[in-house]
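Notes to accompany the following structure.
The values are calculated or read from the model by the stated rules, or taken from the named source; none is laboratory data. Because the structure is a prediction, the values reported are computed rather than measured. Using ideal geometry, Cβ is built from the backbone for each residue, glycine included, and neighbour counts are taken over all protein chains shown. With ligands, DNA and RNA removed, areas are computed over all heavy atoms of the protein, side chains included. Shrake-Rupley method; radii C 1.70, N 1.55, O 1.52, S 1.80 Å.
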Amino acid sequence: SDCVCEAGSYALSSTAVDPLSMTCLSCPGGMTCPLGSSDNTSSDVRPIPNAGYMTLPSDALKAYKCLSDDYCPGGSTGVCGSHRDPNSIACGLCASGSFSNGSECTPCSGGIVDVLFFAGLTVLAVIAVIVVAIVASRGALTQSENSVMVGVSAGLLLTGVQTLSVFDQLSISWFEPVAFFMSVLRLLNFNLSALRTECIWGSDAALGYIARQLVAPLSIPVILLTVSVKFRFTDFRGKILPSTANATGVICHIFFISLIVSTSGPFICYKHPDDSSSMRSSPSTLCFQASDHTIMTVAAGVSFLLIPIPFMAAAAYGTLNYQKLLRSATSGVKLHSLHFLFNKFTPERYYYLPFLLSRSLLICLVPVIFSEAASQVLVLSVILLAFSLLQMWWRPWRGDWVNIMDGTLTLSLELMLMAGSLAAGMTVDGNTISIIGTCILAVFFSLGIAFPVGFLFRLLFCRKKLYQCFLCHHKEDAAAQARLLKMLLQGKHGRRVFIDSDDLRDLGQLFDTVKVHVAQLVVYLTKETLRRPWCAGEVTTAIMGSAGSVDVIAVITPSFEGVDNFSAEDLPEYIDQSGVSLQQHDIFWEDVAVAYNRLLGQEFPKIKIPTNLLHRRDYDQLARGILKGKSFTFARDEKSAHQPVPSEEGAIVISADASSAEAVAASGIVTIKLQIILQALSEVKLVSLAECDADPFEFATIRCLKASRAILVLLSSGTLTSTAQVATLLQAVSLREQSASCHSCLIPCTLPGFTFPTEAYYDQVLPAIAPSPLDLGTMKTPQTLMKKFFRLIAVVIGTHASD
């Protein structure tokens, strides 16, 4: 019988003459060699390309891998799918008179139809750019929160869709209908094949790529023209160039992934069996070999320098200089130009856009750097998960639902990637996967060990307390008193003090803060303190849960009503549970009862405040007593406690209800705040009438009011029934009415709990407590003077709020 090469090999025709010297070579990759195959063109049995591969008629033994079996059915040399050019590498081009329609080639309609189709879709694209430019150039003041959220959520959806278009660049053969959907999305990457451009200028890969790169630069004149027309024919108040820059930034942000994918096309290649490679977006172009590829590479570099690089530089500049621009009085134009960087995020996370762009850039670079499907899927998963964790941690978007949407879209992309990897038959480079897997394992164990070790180190060695004092108080009764104590302890004594309105960030961590980070718990006992669940939890944690590491001292005010003995059975009715359930924080009634009884017993020091603690200097003494941590009773010097009203020309006078501890404390707060502001003006003095023997009808008081620069009347819950403060208030109004030399500014300042007077007050209460017009030296009634006072604009002083 004849000597032939076995299956899987073929004979060199130059050696087939002599059977004894015939050379059989291994079958080329991507081809099948039946028994007796030869490279002789006249041979009946020749190597044939497999499905998904093709060979050119000019080189029948060199197989090129195709993107799909539909491109290359195989079985014979120079065979391509329907309407594909058999003379193009990997059947990557459509035949003359056809255009690319997804994964298929469709015959052109011919004549004017294709031109009209191209023109129609181009007009629609221009209209879309115009609409986005109009919306993006709207002033921030005219945009409601809902309209911003609509734009942000639509932008997130477009970003997710563009990420799917990156998945189309991976070495994965996607299943239907995902494959069809991704082919439609190619239009977002400025792939102009959907516009039937091949029917107009033919299947020139380099020309088509250059046309794609011109789409973004040509959009900028359209945006500029749109903003100019809007400026000319509407009541648009913005400036043309900043509005154009902002609108361009919005569009670049929305289509950032598309810009990168379109630009990076020449660098995304896949390999053929002979180790040559083709562009994934244009299989007929051999990477780094064909002249077309050189042209595309140059065009890609120019395109990258024109749009993505300037955009990322603007984002970096705006983010780094944002705080400086906010403080500048002349940065309005820059802030308007860079508005797109910040308007979607919370003020605390204004810097999130560069991280978002980094995520998009890394996603786009994966198919450029990694050519194997397994490596691509693994690295993409790491990127998506890492930035998803960052997004969940920071919650940067304005609106909770937008943050939820962002996380959901990322999870969906991860699941889609997983589905694609399961459906695709992957070839794996064991070395690459081993390196990546080792890195992931190293990160896993590094984080898994680092966190417990870090917490253990912190527990064992970092024992310095963050707060020297923690003021446990009831806001309704003692917000101003606690605030004044904090200011004195921090300002005069250099102690760091925790007060919930300033320092509380997470209610769930409140009790742990008391347990771990506080050196001394100051329980400021007013009427309702121990009835508040948060106060109960703080006291119980400090006494029962800190193992003695927290010193406890009780400050007992006159309003506090003690209980002889607390029991676990009575506490559920004693403590208001509407705000929180202590059991959810592992604090049980038995623990609370023990803690309360120990607090009010003999174990912990106590400071008892006398009923006449009404002056700021008394709070100075209280602060010193708290720092000593020992029980003591106030020893007031009554002589120094009652000071005469000073005669200061141009002073700022503060009037408060001297019978209210909260009002007196608020007066002390205002005094300290104003001293800080006025420290450069040594000639301006402050006079607090609540700290003086201020009879509103004495000459010293009248002289002080008349010579003052400003009179601040602190309106508290008891002001309108306080005979002394009502008289002072009416005296101040009367002096302004009578004396031409009295030019002081009268400023009502409302405190929490104050309610403005009703007609019933003017008719029934005021006549009973107000001095007579004769005492005030005026002919006007107290009702007239009081109503005149309340016509002034009041300043709100929120002692409940943060510093």
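Before moving on, here are some points about what is shown:
- The combined condition, being modelled with pLDDT under 90, open to solvent by less than 30 Å² (accessible area, probe 1.4 Å) and among the acidic types (Asp, Glu), is fulfilled by Asp502.
- In segment 478-502, the residues that are of a type in the set (Gly, Ala, Ser) form Cβ pairs under 6 Å with partners that are in a helix (DSSP H, G or I) and surrounded by 16 or more Cβ atoms within 10 Å (Cβ to Cβ), at six or more places apart or across chains, as follows: Ala480/Glu662; Ala480/Ala665; Ala480/Ala666.
- Count - residues of segment 158-191 that are among the small types (Gly, Ala, Ser), crowded, with 21+ Cβ neighbours inside 10 Å and part of a loop (DSSP other than H, G, I, E, B): 1
- Wholly within segment 552-629, helices (runs of 4 or more DSSP H) carrying at least 1 residues that are more than 18 Å from Glu538 (Cα to Cα), touching a residue at least 60 places away in the same chain (Cβ under 8 Å) and open to solvent by less than 30 Å² (accessible area, probe 1.4 Å): 616-628
- Test: Ser660 is of a type in the set (Ser, Thr, Tyr) and within 25 Å of Ile609 (Cα to Cα): yes
- Of residues in segment 64-73 being in contact (Cβ under 8 Å) with a residue 40 or more places away in the chain and of a type outside the set (D, E, K, R), the one most open to solvent (accessible area, probe 1.4 Å): Leu67
- Within segment 265-275, the set of residues being of a type in the set (A, V, I, L, M, F, W, C) and open to solvent by 40 Å² or more (accessible area, probe 1.4 Å) comprises just one member, Phe267.
- Candidates Ala658, Ala663 - the one that is modelled with pLDDT of 80 or more, open to solvent by less than 10 Å² (accessible area, probe 1.4 Å) and aliphatic (A, V, I, L, M): Ala663
- Test: Ala206 is among the small types (Gly, Ala, Ser), touching a Leu at 6+ places or on another chain (Cβ under 6 Å) and under 30 Å from Ser277 (Cα atoms): no
- Some residue of segment 150-157 being within 30 Å of Ala374 (Cα to Cα), open to solvent by 50 Å² or more (accessible area, probe 1.4 Å) and assigned to a loop (DSSP other than H, G, I, E, B): no
- Here Arg196 clears all of (1) under 27 Å from the mean Cα position of the chain (by Cα); (2) crowded, with 19+ Cβ neighbours inside 10 Å except the condition numbered (1).
- Of the numbered criteria (1) modelled with pLDDT of 85 or more; (2) open to solvent by 50 Å² or more (accessible area, probe 1.4 Å), the one Val135 fails is (1).
- Extreme residue, modelled with the highest pLDDT, among residues of segment 15-41 that are polar (S, T, N, Q) and surrounded by 12 or more Cβ atoms within 10 Å (Cβ to Cβ): Thr32
- Condition check for Leu766: in contact with a strand residue (DSSP E or B) (Cβ under 8 Å, 6 or more places away or on another chain), among the hydrophobic types (A, V, I, L, M, F, W, C) and modelled with pLDDT of 90 or more: no
- Matching residues, segment 94-121, being part of a loop (DSSP other than H, G, I, E, B), open to solvent by 30 Å² or more (accessible area, probe 1.4 Å) and either modelled with pLDDT under 80 or over 15 Å from Ile200 (Cβ atoms) (or both): Ser103, Gly110, Gly111
- Only listed residue being buried (at least 23 other Cβ atoms within 10 Å of the Cβ) and modelled with pLDDT of 90 or more, chosen from Ser278, Ser262, Ser284: Ser278
- Residue identified as surrounded by fewer than 19 Cβ atoms within 10 Å (Cβ to Cβ) and at pLDDT below 85 among Leu56, Leu12, Leu61: Leu12
- Some residue of segment 675-690 being among the charged types (D, E, K, R) and either part of a helix (DSSP H, G or I) or at pLDDT 85 or above (or both): no
- Segment 238-278, residues that are part of a helix (DSSP H, G or I) and either within 22 Å of the chain's Cα centre (by Cα) or among the aromatic types (Phe, Trp, Tyr) (or both): Asn246, Ala247, Gly249, Val250, Ile251, Cys252, His253, Ile254, Phe256, Ile257, Phe267
- Conditions (1) under 30 Å from Glu348 (Cβ atoms); (2) touching a Leu at 6+ places or on another chain (Cβ under 9 Å); (3) surrounded by fewer than 18 Cβ atoms within 10 Å (Cβ to Cβ): number failed by Gly494: (2)
- Residue list for segment 507-519, restricted to those being at pLDDT 90 or above and surrounded by fewer than 21 Cβ atoms within 10 Å (Cβ to Cβ): Ala519
- Within segment 520-551, the set of residues being part of a loop (DSSP other than H, G, I, E, B), under 14 Å from His473 (Cβ atoms) and either touching a Cys at 6+ places or on another chain (Cβ under 7 Å) or open to solvent by 60 Å² or more (accessible area, probe 1.4 Å) (or both) comprises Lys527, Arg532.
- Pair list, Cβ under 6 Å, 6 or more apart: segment 237-248 residue over 15 Å from Val131 (Cα atoms), other residue at pLDDT below 85 and buried (at least 24 other Cβ atoms within 10 Å of the Cβ): Ile240/Val227
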